[in-house]
Every structure is written in C-alpha cells, then in structure tokens.
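The next block holds one structure in the form of structure tokens; read it before the comments.
The values are calculated or read from the model by the stated rules, or taken from the named source; none is laboratory data. Fair warning: this is a prediction, and the values are worked out from it, not measured in the lab. So basically every Cβ, Gly included, is an ideal-geometry build from the backbone, and we count neighbours across all protein chains shown. Quick note on the areas: whole protein, heavy atoms, side chains included, nothing else; ligands and nucleic acids left out. Shrake-Rupley method; radii C 1.70, N 1.55, O 1.52, S 1.80 Å.
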Amino acid sequence: MSTIRLTTAQAIVSFLKCQVVERDGRRSPFFAGALGIFGHGNVAGIGQALQQTPDFRYVLVRNEQSAVHLAAGYAKMSNRLRTFACTSSIGPGATNMITGAAGATINRLPVLLLPGDIFARRNVAPVLQQLESPVTQDVSVNDAFRAVSRYWDRIYRPEQLLTALPEAMRVLTSQADTGAVTLCLPQDVQAEAYDFPSTLLETRVWCIGRPLADRTALQCAIAAIRSARRPLIIAGGGVIYSEAAEALDKFVTRTGIPVGETQAGKGALPYDHPQNLGAVGVTGTLAANRVARDADLIIGIGTRYTDFTTASKTAFRNPDVRFVNINVADFDAFKHAAIPVVADAKVTLEELIDALGDYHVDADFVTEIARLKAEWDKEADRLFHLGHTPLPAQSEVIGAVWEATGPRDVLVSAAGSLPGDLHKLWRPRDPKGYHLEYGYSCMGYEIPGGLGVKMAAPEREVYVIVGDGSYLMMPSEITTSVQEGYKIIIILIDNHGFGSIGGLSTSLGSRGFGTHFRYRSAQTGQLDGDCLPIDYAANARSLGAEVLEPRNIVELKDALQQAKTTTRTTVIVIETDRQVIVPSYEGWWDVPVAEVSEIESVQQARHVYEAQRKTEQSFL
Ligand SMILES: Cc1ncc(C[n+]2csc(CCOP(=O)(O)OP(=O)(O)O)c2C)c(N)n1
Ligand SMILES: [Mg+2]
C-alpha cells in the first residue's frame, strides 16, 4: 500500500482539498477553504498545514463565532453544496464557535469546525486555558460542542482520521442530517506524523441524491390533495436548497394552490407570482394567514414548522385540517401527524405535477386568493411610503432599499424587528434574493453572514440590513471584507436600542424596560436618561468601510445609488423612529407573561395571553 507521511493537520487539509460534491451532474469542490484565527492551539498544527497548502485558501477573520456565521452564510447561499472549514485555537477561540455551531445546526447548514484541544499526551497538564476536572481527564471545553453538532469527534491518534474524516463528510453532505460537524484536534496530535494511505487523499466525489418518495405514501398524498378544497402549500428552506423553485412554480400554476413562505423559504416563488401569498405565520401577511386559518390541507414542503411558521400552533384553525409533508428528513416529514413524504422536493413536485393531472382548486378560491393578494400588495405599498417625519419608519427604509435593488441582488438579515418586517414586506424576484438567518435569529450574524453570501456569489450585490444592537455585537468582519476585497452594502438602522424586544416588552405590559441605549439617569436610577452618543459612522469608518449618513428617505435613496458605485464595503447609517412599527396580521406568538405581578399593565397582558393560549392546537 502506498503511503504518505504527513502530520495529522497536513492530512486533514489535504483531505479537505480533495472533497467534491455532485448533484444533477454538476460537480464542485465542497470546501472553499478555511476560516480562522490562530493561537498556540492550532498555529503549529493546522496553521502550518495551511501555510504549506497555498491553493487551499485561508481567510483570517476577527472572531471565531463570526467565522462560523460566514461559513453558514456561504453554505446557505450555495444551497448546502459548499462550505468552509473553521479552525481555532484551544479554549476561548474554540468555545467562541459554539454559538455559530448552534446556528448552523439549527438552520441545517453544513460547517466543519476544527477546534484545537488540550494535549492528548497530558504530561504537561494543566495547559493554558484548560478546564480541569477532578472526576476525569477525558473532558475539555470542546465537549460543549456535542449538543450543537450533528457529528462530534476527538482525534487522539492520527490514524483515527481514516474513520473520522469520511464520517464527517457523510454528515456534512447529507441533506437530511447536515449541520455543524466538529472534529476536536488536540494540539500535540495536530503536529504528529503518520504514514497515511495515499488513497485517503485522492479526489472523492460525494453524490447528493434526489431520493424518491415511497410509492404508497405518494399515493396517499395525491389522494389527500385531490380531495382538498382549500389547500395551502407552506414553502420552507428545503424548496430552495433542493432547487425546486421552478417545479413549485409549475405545480402551483397548474393546480392554483396558493403558497405561504417561511423565512427560509421566502423567494421560492417571485413575490408577484399569482399563487404567492407571501410570508406565513407570526410574521405573515394577512393574505397567507387568512388562507392558513381556513385551509383543509397544509402541504409543507421542506419546512420544519417552527413556532413562527405555525403562529405557536394557532395558524391552522380548520378543525379538519390535515398535513402532507414533503421533506428529505423523516424527522420533519412526520410532524403534525402528516402523511410523510420522505423525499427530495424537486423530484416529488415533478411527480405530483404528472400525477394530479387536471386537478385545480375551485374558482371561488381562485378569486379569493387574487383579492387577498391584491389587498396585501396595497398594504405593503402603504408601508413603503408612509412619509413619516421627522424620522422615517423602518418600513420606509426597507421600501427604499428594495426599490434600489436589482432582481439578482441579495438581502441579508437575522435578528431584531427586521426579520418580521422583511418577512412581510421584502419582495424577492429570485430564489436566492432573500437570506434571513431565522432558525437561531442570532444577533451578529448579519455582517459575517452577508460576507459569506458575497463570497459564494461575488457577481451579486449583497445588501445587509442590520439593527444598531446587532451591529454593536459583531461589526468586525467589515475589516475582513475589506481585506478580502468583497464589497457588501450594509444599511445600519439606528433606533437607539432594541426596537423589537422593546415593542414585545411593551405589548406584554413591561413598558420596554431595559431595551433602550440610554444613560443611567441620576434621578430614576434606571436606563432612561439621554440617548448614548454612539457614533456608528465613525465606528464603521475605523474598520475600513466607506460610510454614508443620510438623514431622511430622499437622502437614503441618493446614498443607495452612491453605494452602488463604491468598491469597498459601504455602511449607510440611518436613524429611524422606533415607535412606528409594522403591524401584525393575525399572527400570534406564545411568549408567556407573568402569572402574578404588581404592575397593572402586566396583569392585563396576562389576561389577553390566557385567552390566546386557549387557541393553540395539537395535531395528533
Ligand atoms: C445573540 C442574541 N442575543 C439576544 C437576542 C435577543 N434579541 C432579539 S432581537 C434583540 C434586539 C435587537 O436589536 P437591534 O439589532 O437594534 O434591532 P431592533 O430590535 O432595534 O430592530 C435582542 C436583544 C438574540 N436574538 N441574539
Ligand atoms: Mg435597534
């Protein structure tokens, strides 16, 4: 057997370089390179291996958490067919990646994490940054990755790579099981040499299949659709990852079945498609939520039915409602006692088109769909052009940004009040035009995630809309975007704190306590003094960005045009009035209110809460 003598780290990097995925006859390398920060726990191991492999790109980032967000954004934009590996030192560098790992796993996005770990040989323990345990020596901070990884392993000996690396790839490329994969790499083992079989380092092609549904389940689904009078499709992220948008368009055009979109599924159909009722659930449009309320059949495609989609199980009120779930993951397909169609979305939709023949929803339903859709379009137009002064409303900023974008541009956001507003209002014209991280809704994802999107699709303009709270949490990858020459346009909405949680707090009787960026007041002892003097423009400039500071919507429109002409990442800072919010359209979210309180507004909110809770349903 021919062998090649390499360190553990060199073998890993060489292996990653040779991994290729193939779907529908198209091949691409699975890894675009490695992101990371070096410390003593990886500099002489993975760091050395990367140095001697210059054709495997290494990108120095500013924070390990944002490295994982960047990789996840890249993977999502690539429909999970490509990603990055993330390398960190031991200790805090490693644990910084845990939040990113949770986000990737929850969003079902492949990321490979290679945290450094404490010495396998142990004789010099405790090493710098080691968590010691009196009950075992077989534990380190990296064990905390277990809960947030779809595959977790620790490499104590170089030859363990022979079994660990293929397992890591199996999980990363599995459309049903993918998420964060963590291979913990003790610092000493990274530098240890071994005679690896050369075959480990040959090009390996991972075929991403399109599994067909079980025939019986498919027949049951067909029968259920045929007998439905008011069916509704819920399009989730799986539609987009499976590249099933065209098939969905054909299916709903043929059958007249309307579509509501989840955060991950938004863009599955163009916004102006006659069957597209837009966002569904807590942050849904009136059109989609009305149809969801009365639907007798929900056809969930590639959705995992989070509480935002089901409006905390209050969205579907028809007592006879049933579910058909088309999903590559049986875990999701079985939810809500559905007819489980465990299969790829694209091929299943194609099969359904053939099988359903001339099935079409009734004329009355068609008229109702068209009316609700027209009403919603008007409402969105109204919110885009409120003309609120002196400060604009956030919905007007969204309108101005949308009007400035082209059909192939991408919008990126993640947390705060923006996801809800964007879910309702943004108007995608392309399946990859709307990129919301809303599985983990992780403040700080926006900028690194947006950079990942840009790196995956450099030919597209990427617009990141971020709240001031999220911006403060993680602005530092602006510097990485400048370093790498990837320009993104960031619209930073300054509403002096947490508009979303402040609004939620007020609606629950707690008056926005602790959600404003204000000085502590000497009189009240609370955070209700003057606004803090945070200079976001100076901050962004200091990180290397170009900065524009429009004061109203007219100036914002100019700034957006100017931002298209810059070559560097450009941050547009605009102040908005946080009191002017986009209403909710019959979507409810279960956020428990204190059962007892001395505050009257809380007691009132509790009454409302108890009444709403009674409308929650279980589908058994
Ligand atoms: C890492 C993290 N911490 C806390 C939260 C809870 N949270 C959700 S939205 C939000 C406020 C976001 O503020 P900002 O970015 O300014 O957006 P706004 O609410 O003003 O639209 C908070 C604290 C979160 N989602 N993520
Ligand atoms: Mg804010």
On each of the three principal axes of the Cα atoms of segment 217-278, give max minus min coordinate, whole Å, ordered largest first. 28, 23, 18
In whole Å, what is the distance between the alpha-carbon centres of segment 357-377 and segment 153-228? 43 Å
Considering the Cα trace of segment 134-175, what is its radius of gyration and what is Dmax, both in angstroms? 12.3, 41
Considering only protein heavy atoms and a 1.4 Å probe, what is the carbon-and-sulfur percentage of the accessible area of the chain? 52 percent
Coarse-grained scattering of segment 360-403 at q = 0.23 Å⁻¹, given as base-10 log I(q)/I(0) from a Debye sum over alpha-carbon atoms: -0.74
Distance in Å, no decimals, from the C-alpha centre of segment 492-516 to the one of segment 424-455 is 23 Å
Wrap a convex hull around the Cα atoms of segment 73-190, take a quarter of its surface area, and give that in square nanometres. 7.1 nm²
For segment 249-290, compute Rh as the Kirkwood radius over C-alpha pairs and then the Stokes-Einstein diffusion coefficient at 37 °C and 0.692 mPa s; write the answer in µm²/s, rounded to an integer. 322 µm²/s
Convex hull around the C-alpha positions of segment 1-44: the volume in Å³ per residue is 88 Å³
Solvent-accessible area of residue 531, probe 1.4 Å, all protein chains present, reported in Å² to the nearest ten, please. 50 Å²
Using +1 at the C-beta of Lys and Arg and -1 at the C-beta of Asp and Glu, which of 291, 385, 259 has the Cα lying farthest in the positive direction of the dipole of segment 257-392? 385
Which whole-number value in Å³ per residue fits the convex hull of the alpha carbons of segment 72-125? 78 Å³
Using the Cα centre as the reference, give the magnitude of the dipole from point charges on the C-beta atoms of the chain (Lys, Arg: +1; Asp, Glu: -1; all else neutral), rounded to the nearest 20 debye. 740 debye
Phi-based couplings in Hz for segment 265-281 (Karplus 6.51, -1.76, 1.60; Gly and Pro marked x): x, 5, x, 3, 10, x, 4, 9, 5, x, 8, 8, 8, x, 4, 10, x
Taking all pairs of different Cα atoms in the chain, averaging 1/r and flipping that mean, what Kirkwood radius in angstroms comes out? 25.6 Å
Based on the inverse mean of 1/r over its pairs of different Cα atoms, what is the Kirkwood hydrodynamic radius of segment 395-508, in Å? 14.2 Å
Over the chain, give the accessible area per residue in Å² for a 1.4 Å probe, as an integer. 40 Å²
How far apart, in nm, are two points set 7 Å out from the Cα along the Cα-to-Cβ line at residue 607 and at residue 2? 8.1 nm
Please state the charge dipole magnitude for segment 423-526, taken about the Cα centre, from unit charges on C-beta atoms (+1 on K and R, -1 on D and E), reported in debye and rounded to the nearest 20. 360 debye
Name the residues whose placed amide hydrogens come within less than 5 Å of the amide hydrogen of residue 4, ignoring near sequence neighbours (fewer than 5 apart) on the same chain. 196, 198
Rounded to two decimals, what is the ratio between the C-alpha radius of gyration of segment 461-620 and 2.2 N^0.38 Å? 1.32
Which cross-chain or sequence-distant (5 or more) residues have an amide H under 5 Å from the amide H of residue 57, H modelled 1.01 Å from N in plane? 34
